[in-house]
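The values are calculated or read from the model by the stated rules, or taken from the named source; none is laboratory data. Just so you know, these numbers come straight off a predicted model, no measurement behind them. Because the Cβ atoms are built from the backbone with ideal geometry, glycine has one as well, and the counts that use them run over all protein chains shown.
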Protein chains: 2
Amino acid sequence: FVVLVFFLVVGTGITLAPPSFSGKLLVIPMDGSHWVAIKALAQAMGRRGHKVTVVIPEVNIRMGPGKHYDTVTFPVPYDKASLNIIGTNKHLMEKSSESFIQDMRKRFAHMQRIADFLHTTAESLLFNATLISHLAEQGFDAVLTDPMVPTGTLMARKLGLPSINLLRGIPCLMDMKAAGCPSPPSYVPRFFTGFTDKMNFMERTINTLIALVEPLMCRVLYKHFDHIAYQFLGEEVGIAELLSDSAIWLQRYDFTMEVPRPLMPNIILVGGINCNVRNPLPEDLESWVSGEHGFVVFTLGSMVSDMPVKRASVFLEAFRQIPQKVIWRYTGQIPDSVPDNVRIMEWVPQNDLLAHPGARAFITHGGSHGLFEGLCHAVPMVMVPLTADQPDNAQKMASKGVGVVLDIMSITTEGLLQGLNAIINDTRYKERVQKLSAVHKDRPIDPLQLSVYWTEFVMRHKGAQHLRAAVLELNWIQYFCLDVIALLATVLLVFVILTVKCFKVCLRKLGRKRKQE
Amino acid sequence: FVVLVFFLVVGTGITLAPPSFSGKLLVIPMDGSHWVAIKALAQAMGRRGHKVTVVIPEVNIRMGPGKHYDTVTFPVPYDKASLNIIGTNKHLMEKSSESFIQDMRKRFAHMQRIADFLHTTAESLLFNATLISHLAEQGFDAVLTDPMVPTGTLMARKLGLPSINLLRGIPCLMDMKAAGCPSPPSYVPRFFTGFTDKMNFMERTINTLIALVEPLMCRVLYKHFDHIAYQFLGEEVGIAELLSDSAIWLQRYDFTMEVPRPLMPNIILVGGINCNVRNPLPEDLESWVSGEHGFVVFTLGSMVSDMPVKRASVFLEAFRQIPQKVIWRYTGQIPDSVPDNVRIMEWVPQNDLLAHPGARAFITHGGSHGLFEGLCHAVPMVMVPLTADQPDNAQKMASKGVGVVLDIMSITTEGLLQGLNAIINDTRYKERVQKLSAVHKDRPIDPLQLSVYWTEFVMRHKGAQHLRAAVLELNWIQYFCLDVIALLATVLLVFVILTVKCFKVCLRKLGRKRKQE
């Protein structure tokens, strides 16, 4: 009849009561940083006794098995080496010596390579008939996916399952459109603009123009997937339409970082989802970071594997001049002279380090995961945004006064030192980030638990039909009531014309009458 | 630094951990059914150790002291007798023998009396200088109010306090407008229309027309309060503007009953807030209702104190023919022959009765509180809507298949009997209401606890500034980007004109050239 959910206190976090059922969840994740949140939710669902199956390509960047879920792999027609080429984003760190046109061409070619790689991966899964029929037999209750690459969305349709989306957002706002959510360009800034919700006339004009071309951008971005959809499903249905069937949208979005905006009932905000996914530091790291001056955490995300030696020296020279220790996650070539207070590691437990009371500063590229972790543990930040949503994210955090933004292309030792000294020694940064962190964490339920709740809701009720807005059945003429406005305008026009005509006739008659007199 | 909130299991409900602070809450409630939810929240806040002060008029319908809050009363220039006149809504139960015009005039006069009464009550509080300065000295953290009558909103402004609104909604949608929330008329049905979110062209046209006149309706409804605002605050500020300063909107709205629609970040849905506010039945009632056939609960809300004897007999004759017992909340003249299975009471513990496993059916006027209680405890309903939002509510519930709607003006014993038999004996009604009830209750947190959470949030952080959308700083030209559209249209027009001109000049030159040849 009804599933009453109780809450139990476990450690410092909030944990839902054991579920009243054991379901089967199919997870189609995305690679790279997108994997982090999906993995956290997959683990949490597995820990609650559900059978969780994660489908990943044999060759991938960072996805892999975990304690609480099974993995199913599928072959792909590329090897680790070609994947690594996609992973090196050297152009983000180095000023190009080439002409603008050549540079643009190179960047575009790189993006095209990434797109091709995503399409190939999707096709390798979807057109693997054996695997698909194997999955179809498992009797899953729902699909969890990051719909930026809509492989999971296509799979959900094929298997007739409801889908739960966990994502940061789709740049052309296709996620919001698919959820039927209004995003007024007058105060909802578009991706890559760096605008806040308070825009002047010029900014509003640019924002509106971007909003106008968004549908076109979506078309271009998802053209190949529309084609895959037709081949895979055998029906004329676009990705946009498929996405609008999603049961729940778990958005990694939070109002301490982003602007307050309208939301639809099935959009659940889970920004900071992996804040509480943490472990104690390994003993050697714990003893190394301990010290009266604390330490700085320096990571640039998993998409940057290498850095020009000159640029690396800029950082190292700055670190040499601060009393704090520095932990640097770096997989590239290590420069010759590394100061004693710097420890370079191929991988760092970033969230655990930031949660450590000794963390004084966080040098980050401004990826959303890192920023949410810094915010969660109230560590002021030096942000060196590189690509994607990072410049926007960094701008937003800087506008809250919890960090400074530096340009990676023109960064100097002095500039970095100034930035570090400011956020470490000027207590106002720490105070502001503590205040913002307090508000960020002051939510009725931890976002990971909330994600678990709604994922189980979809599994229990075979969807979330009661949250589906009727806007999804309307075309845009109906949505904006253009037909109604046309009718009303016509009625008004006819009324005005008739009134004028009547008036004229009356005047004429009156004139004639006067003449006769 | 940060207030970590733990959840503890208490009984069948979910209770927040004890608060980390003890605050002071000022409550300015509304009378009648509006009091029910406010009282529940005031009690809950008091139980958590906050000092809760409820300000009520000396003469009122149903407000009064409680265990966990203090009351402060203020004198009003009316007595209980005149209040009772407002409370008798006989015209809702009886077909008028008068002409349509006379009938309308009477109804309008009655509404005017209610409005005058609300204004008088508000003025009695706001212009009671001694009381105001007494309240100002108490050092409250926030104001909790039902802003349909904006006395509390005015008080919050005067005392410089953040406000929490707990309400069902304001008919002209002023609440949504004040929160900056879009309500597209294409799928958000307006009050009193009885439309769902799936409207045909004609319905959409009517809905749009109502949406167009809403601002005017708000103006008329709150004209006198605008005037009070000027006198009380000494500044030119309308109620609409004051309301837009509200920190949190706790809306008694739920998607199992209402249509899914866009919401703003500071709108928190708490439909069903008093579902878990319950006690065991008194012993005599418990033993009376026990029996193999169960019982029917019959209430028409606190605004109907009396009923024409003829209409009362219709009900009694139907009750005589069913095996169930009937508990009828009724304060009017009791007819001569009351069947043995009917018990008439001046007041009933409605929620406790509906929560009883013996409850088979609920005859209700369709007030939101009653419907939420029926929904919460999965009791199928016979609805006889009278006024206000009741016809809309009843229509919505009937469309979900959990009850039937009867017209109070033309109700017959046979019709009622048929309705009762259907919902009691046709198991589909029970099954549907059980399913809907399960979805209704499947929420991460009980709505009363959620209301407590956000009320405390506002007290902790002196508001909820991070949830305030920038739309509230925009005028409607900026909001709809009409200035941007005008600019873009002008640019486009100039471009087209220039192109046409160029083309003409070219053609002319070409023509001349040809001629010369």
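Among what's in the range B:428-457 and is at the interface with chain A (Cβ under 7 Å from one of its Cβ atoms) and of a type outside the set (A, V, I, L, M, F, W, C), pick the residue that is nearest to B:G370 (Cα to Cα).
B:S437
So which residues in the range A:120-130 are under 18 Å from A:T71 (Cβ atoms), without any contact (Cβ under 8 Å) to a residue 60 or more places away in the chain and in a helix (DSSP H, G or I), if there are any at all?
A:T130
When residues of the range B:261-276 are filtered for being in a loop (DSSP other than H, G, I, E, B) and either aromatic (F, W, Y) or at the interface with chain A (Cβ under 8 Å from one of its Cβ atoms) (or both), how many remain?
5
Listed residues A:F74, A:F117; which is among the aromatic types (F, W, Y) and at pLDDT 95 or above?
A:F74
Quickly run through the range A:177-235 and pick out the residues that are touching a Cys at 6+ places or on another chain (Cβ under 7 Å) and within 13 Å of chain B (Cβ to nearest Cβ).
Within the range A:177-235, A:P185, A:S186, A:R204, A:T208 meet the criteria.
Being among the hydrophobic types (A, V, I, L, M, F, W, C), over 30 Å from B:I132 (Cβ atoms) and at pLDDT 90 or above narrows it down to one residue among B:V326, B:V237; which is it?
One residue alone meets the criteria, B:V326.
Residue by residue through the range B:59-72, note down the ones that are in contact with a Pro (Cβ under 8 Å, 6 or more places away or on another chain) and either outside the structural domain of B:A42 (by TED's automatic domain parsing) or buried (at least 17 other Cβ atoms within 10 Å of the Cβ) (or both).
Matches in the range B:59-72: B:M63 only.
Can you confirm whether the range B:281-296 contains a residue that is under 26 Å from B:R62 (Cα atoms), part of a strand (DSSP E or B) and more than 15 Å from the chain's Cα centre (by Cα)?
Looking through the range B:281-296, at least one residue is under 26 Å from B:R62 (Cα atoms), part of a strand (DSSP E or B) and more than 15 Å from the chain's Cα centre (by Cα).
Since B:R460 meets every condition but one in (1) surrounded by fewer than 15 Cβ atoms within 10 Å (Cβ to Cβ); (2) facing chain A (nearest Cβ under 8 Å); (3) among the basic types (K, R), which condition does it not meet?
(1)
Hey, any hits in the range B:470-493 for a residue that's polar (S, T, N, Q) and surrounded by 14 or more Cβ atoms within 10 Å (Cβ to Cβ)?
yes
Quick one: is A:L436 in contact (Cβ under 8 Å) with a residue 24 or more places away in the chain, closer than 30 Å to A:V27 by Cβ and either surrounded by fewer than 17 Cβ atoms within 10 Å (Cβ to Cβ) or aliphatic (A, V, I, L, M) (or both)?
Taking the combined requirement at face value, the residue does not satisfy it.
Take the range A:326-350 and flag every residue that is among the polar types (S, T, N, Q), in a loop (DSSP other than H, G, I, E, B) and touching a strand residue (DSSP E or B) at 6+ places or on another chain (Cβ under 7 Å).
Across the range A:326-350, the qualifying residue is only A:N341.
Kindly establish whether B:A229 is among the small types (G, A, S), touching a helix residue (DSSP H, G or I) at 6+ places or on another chain (Cβ under 8 Å), within 21 Å of B:F457 (Cα to Cα) and buried (at least 22 other Cβ atoms within 10 Å of the Cβ).
Taking the combined requirement at face value, the residue does not satisfy it.
Among the residues of the range B:459-467, is any in contact with a helix residue (DSSP H, G or I) (Cβ under 9 Å, 6 or more places away or on another chain), more than 30 Å from B:V277 (Cβ to Cβ) and assigned to a helix (DSSP H, G or I)?
Checked against the condition, which is being in contact with a helix residue (DSSP H, G or I) (Cβ under 9 Å, 6 or more places away or on another chain), more than 30 Å from B:V277 (Cβ to Cβ) and assigned to a helix (DSSP H, G or I), the range B:459-467 yields at least one hit.
Could you list all residues from the range B:251-260 that are at the interface with another protein chain (Cβ under 7 Å from one of its Cβ atoms) and polar (S, T, N, Q)?
The answer is B:T256, and nothing else.
When residues of the range A:44-71 are filtered for being in contact with a Leu (Cβ under 8 Å, 6 or more places away or on another chain) and either in contact (Cβ under 8 Å) with a residue 40 or more places away in the chain or closer than 14 Å to A:V452 by Cα (or both), how many remain?
Total satisfying the criteria: 10.
Report the residue count in the range B:33-58 for those that are crowded, with 17+ Cβ neighbours inside 10 Å and either in a loop (DSSP other than H, G, I, E, B) or assigned by TED's automatic domain parsing to the domain that holds B:T331 (or both).
Total meeting the criteria: 3.
Being within 11 Å of chain B (Cβ to nearest Cβ), more than 31 Å from the chain's Cα centre (by Cα), within 30 Å of B:P265 (Cβ to Cβ) and without any contact (Cβ under 8 Å) to a residue 24 or more places away in the chain: is that true of A:V484 here?
Here the answer is yes, as A:V484 does meet what is asked.
Within the group A:L159, A:L144, A:L131, which residue is aliphatic (A, V, I, L, M) and surrounded by 22 or more Cβ atoms within 10 Å (Cβ to Cβ)?
A:L144
Among A:R311, A:R343, A:R278, which is the only one that is among the charged types (D, E, K, R), within 28 Å of A:R252 (Cβ to Cβ) and in contact (Cβ under 8 Å) with a residue 40 or more places away in the chain?
After ruling out the rest, the residue left standing is A:R278.
Mind listing just one residue for me: the one in the range A:211-226 that is in contact with a Lys or Arg (Cβ under 9 Å, 6 or more places away or on another chain) and crowded, with 16+ Cβ neighbours inside 10 Å and, of those, farthest from A:F195 (Cα to Cα)?
A:D226
Return the residue satisfying two criteria in turn: it lies in the range B:352-407 and is outside any loop (DSSP other than H, G, I, E, B) and among the charged types (D, E, K, R), and of such residues it is nearest to B:G294 (Cα to Cα).
Top of the filtered list is B:R360.
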